[in-house]
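Structure record follows, encoded as structure tokens.
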Amino acid sequence: AVLPESVTAGANANLAANTFDDNEMTEWNNGNDLQNGWISYQLERTATLSEVTLKLGGWRSRSYPITILVNDSIAYSGETPRSLGYISCPLTPIEGNRITIQLTGANRFSDAFNLVEVTGEKDVETVNDQMKTQSGNLSIIEAEFYEKL
């Protein structure tokens, strides 16, 4: 792992450090403003990263179209998969010390797992997330940065 030294964001900058605090109860989001849907990390050192691992808000039902830049070069571009927790974004190997994650379009909502609770009801979080109309929302719970040694 390569740790962030500092972080800036297009919105809610005071919450941006929540994305690397190892607390899955905290998060950062861009306030549903596509123009401000970016967060940038200054790493503790220069590295050639191989992946960024993310836990995103609404991870079971929301996909995010994102681009990940290393310094100013695109290292990843695509739509994040829905998951049951963390996802891995493989990076094109580019040496750098600044990582920017940028939302590039509207979120897509779909219950990828069709999970039902023991009660027979749909999960409340999933139902609530699908009812949101936050098409310009980027929500990051945790972000981790890795290099192959």
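The sole residue among Ile66, Ile87, Ile39 that is open to solvent by less than 60 Å² (accessible area, probe 1.4 Å), among the hydrophobic types (A, V, I, L, M, F, W, C) and in contact with a helix residue (DSSP H, G or I) (Cβ under 7 Å, 6 or more places away or on another chain) is Ile39. Mind listing whichever residues of segment 2-36 are open to solvent by 50 Å² or more (accessible area, probe 1.4 Å), on the phi < 0 side of the Ramachandran plot and outside any helix (DSSP H, G or I)? Scanning segment 2-36 gives Leu3, Glu5, Ser6, Thr8, Asp21, Asn23, Glu24, Met25, Glu27, Asp33. Go through segment 93-127 and report how many residues are over 19 Å from Tyr64 (Cβ atoms), touching a Ser or Thr at 6+ places or on another chain (Cβ under 8 Å) and either at pLDDT 85 or above or not in a loop (DSSP other than H, G, I, E, B) (or both). Total satisfying the criteria: 6. Across segment 43-57, the number of residues qualifying as over 13 Å from the mean Cα position of the chain (by Cα) and open to solvent by 10 Å² or more (accessible area, probe 1.4 Å) comes to 5.
In the set (1) at pLDDT 95 or above; (2) closer than 15 Å to Cys89 by Cβ, the condition left unmet by Trp59 is number (1). In segment 71-84, is there at least one residue being touching a residue at least 40 places away in the same chain (Cβ under 8 Å) and among the β-branched types (Val, Ile, Thr)? Looking through segment 71-84, none of the residues is touching a residue at least 40 places away in the same chain (Cβ under 8 Å) and among the β-branched types (Val, Ile, Thr).
The values are calculated or read from the model by the stated rules, or taken from the named source; none is laboratory data. Since the structure is predicted, the reported quantities are computational estimates derived from the model, not experimental observations. No Cβ is skipped: glycine too gets one built from the backbone with ideal geometry, and neighbour counts run over all protein chains shown. When the accessible area is computed, the model is the full protein with side chains, heavy atoms only, and any ligands, DNA or RNA have been set aside. Shrake-Rupley method; radii C 1.70, N 1.55, O 1.52, S 1.80 Å.
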